[in-house]
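A.B. asks: Sharing a structure with you now.
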Amino acid sequence: MKLQTIIIKLLSEKANIDVTTKTGAEFLRNDIEAKTGEALSLNTVKRLVGILPYESSPREVTRDILAKYLGYDNWNLLNTDLQNKISDFNRPEEFIDLKELPINSDVVIKWSPDREIKIHHIQGEKYEILEARNSKLQKEDIIFLSQIAIGFPFIAKEVVRGGNSLGNYTAARVDGVYSIEIIDGE
């Protein structure tokens, strides 16, 4: 899968070139190797920035090399930092403040590969999973969410299953959420 738009933008800024062109991708590949000491193939870079088709997600080592190039120790730290930068002054276009939705609203959230959940707003940041397809989350789990945005990872502050806290949960780390549908409550 092509990288999140925000990651491609960061790579272009770091390389000081549009990395979504063939020349830009080649420059990026060389710059990554020069600055990190790690090599990625040119075709891998082209797939990551959307020049060549790419149906699977990049391997963890590839993601970590990109994060290192962008100044992070690993991909998870990069994604955490990006999620923390969502603010009222620089919201992604599809940003949703989930704690502000009306009580009894339902939200359908989708991410790759073929993952989908339907959640029901109980109050504040508290949601119940109504349906879960191909996800580690399960029907009747209680999750605590404050915000979500297209192109960003899905991050639940806490998951409660059968009265037991399972801790936080992050999904869509690589490609981000690609669909959010709000169904107003009664």
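The values are calculated or read from the model by the stated rules, or taken from the named source; none is laboratory data. These figures come from a predicted structure and were not determined experimentally. Using ideal geometry, Cβ is built from the backbone for each residue, glycine included, and neighbour counts are taken over all protein chains shown. Remember, those area values only see protein heavy atoms, side chains included, never the ligands or the DNA or RNA. Shrake-Rupley method; radii C 1.70, N 1.55, O 1.52, S 1.80 Å.
A.B. asks: Within segment 90-186, how many Lys pairs sit with Cα atoms under 12 Å apart, leaving out pairs fewer than 8 places apart on the same chain?
C.D. replies: Taking the Cα cut-off of 12 Å, the pair count is 4.
A.B. asks: For segment 1-71, what does the alpha-carbon gyration tensor say about shape, rounded, prolate or oblate, given a ≥ b ≥ c as the root eigenvalues, a/c under 1.5 as rounded, and a/b over b/c as prolate?
C.D. replies: rounded
A.B. asks: Sticking with this one: With every protein chain left in place, what is the accessible area of residue 66 in Å² (1.4 Å probe, nearest 10)?
C.D. replies: 0
A.B. asks: If one takes the longest principal axis of the Cα atoms in the chain, at what angle in degrees, from 0 to 90 and to the nearest 10, does the Cα axis of helix 22-36 lie?
C.D. replies: The angle comes out near 90 degrees.
A.B. asks: FRET efficiency for residue 74 and residue 150, Cβ-Cβ distance as r, R0 = 22 Å, nearest 0.05?
C.D. replies: For R0 = 22 Å, the calculated efficiency reads 0.40.
A.B. asks: Accessible area per residue, 1.4 Å probe, Å², for segment 1-85: what's the number?
C.D. replies: Per-residue accessible area for segment 1-85 comes out at 54 Å².
A.B. asks: Of all accessible surface on the chain at a 1.4 Å probe, what whole percent is carbon and sulfur?
C.D. replies: Result for the chain: 44 percent of the exposed heavy-atom area is carbon or sulfur.
A.B. asks: Next question, about the same structure. What's the angle, to the nearest 10 degrees (0 to 90), between helix 60-69's Cα axis and the longest principal axis of the chain?
C.D. replies: Compared with the principal axis, the helix lies near 70 degrees.
A.B. asks: What is the gain in length, in nm to one decimal, between residue 41 and residue 110 on full extension, counting 0.36 nm per residue of separation less the C-alpha to C-alpha distance?
C.D. replies: 21.8 nm
A.B. asks: Rounded to the nearest 500, what is the chain's calculated 222 nm mean residue ellipticity when only DSSP H runs of at least 4 contribute -39500 (n - 2.57) each, over all residues?
C.D. replies: -8500 deg cm²/dmol
A.B. asks: Give the Rg (one decimal place) followed by the Dmax (whole number) of segment 115-186, computed from C-alpha coordinates and expressed in Å.
C.D. replies: 11.6, 35
A.B. asks: With every protein chain left in place, what is the accessible area per residue of segment 104-186 in square angstrom, probe 1.4 Å?
C.D. replies: Roughly 49 Å² per residue, with all protein chains present.
A.B. asks: Quick one: angle between helix 75-84 and the longest Cα principal axis of the chain, in degrees between 0 and 90, rounded to 10, please.
C.D. replies: Taking the Cα atoms of the chain, the angle to 75-84 is about 60 degrees.
A.B. asks: Report the charge-dipole magnitude of the chain in Debye, nearest 20, computed about the Cα centre from +1 at each Lys and Arg Cβ and -1 at each Asp and Glu Cβ.
C.D. replies: 640
A.B. asks: Next question. Could you pull out the trypsin sites (Lys or Arg not before Pro) across segment 109-174 that fall in loop regions by DSSP (anything but H, G, I, E, B) with no more than 16 other Cβ atoms inside 10 Å?
C.D. replies: Sparse-neighbourhood loop trypsin sites (Lys or Arg not before Pro): 136, 139.
A.B. asks: Give the residue from 79, 41, 3 lying farthest towards the positive end of the charge dipole for the chain; charges sit on Cβ (+1 for Lys and Arg, -1 for Asp and Glu) and the dipole is referred to the Cα centre.
C.D. replies: 41
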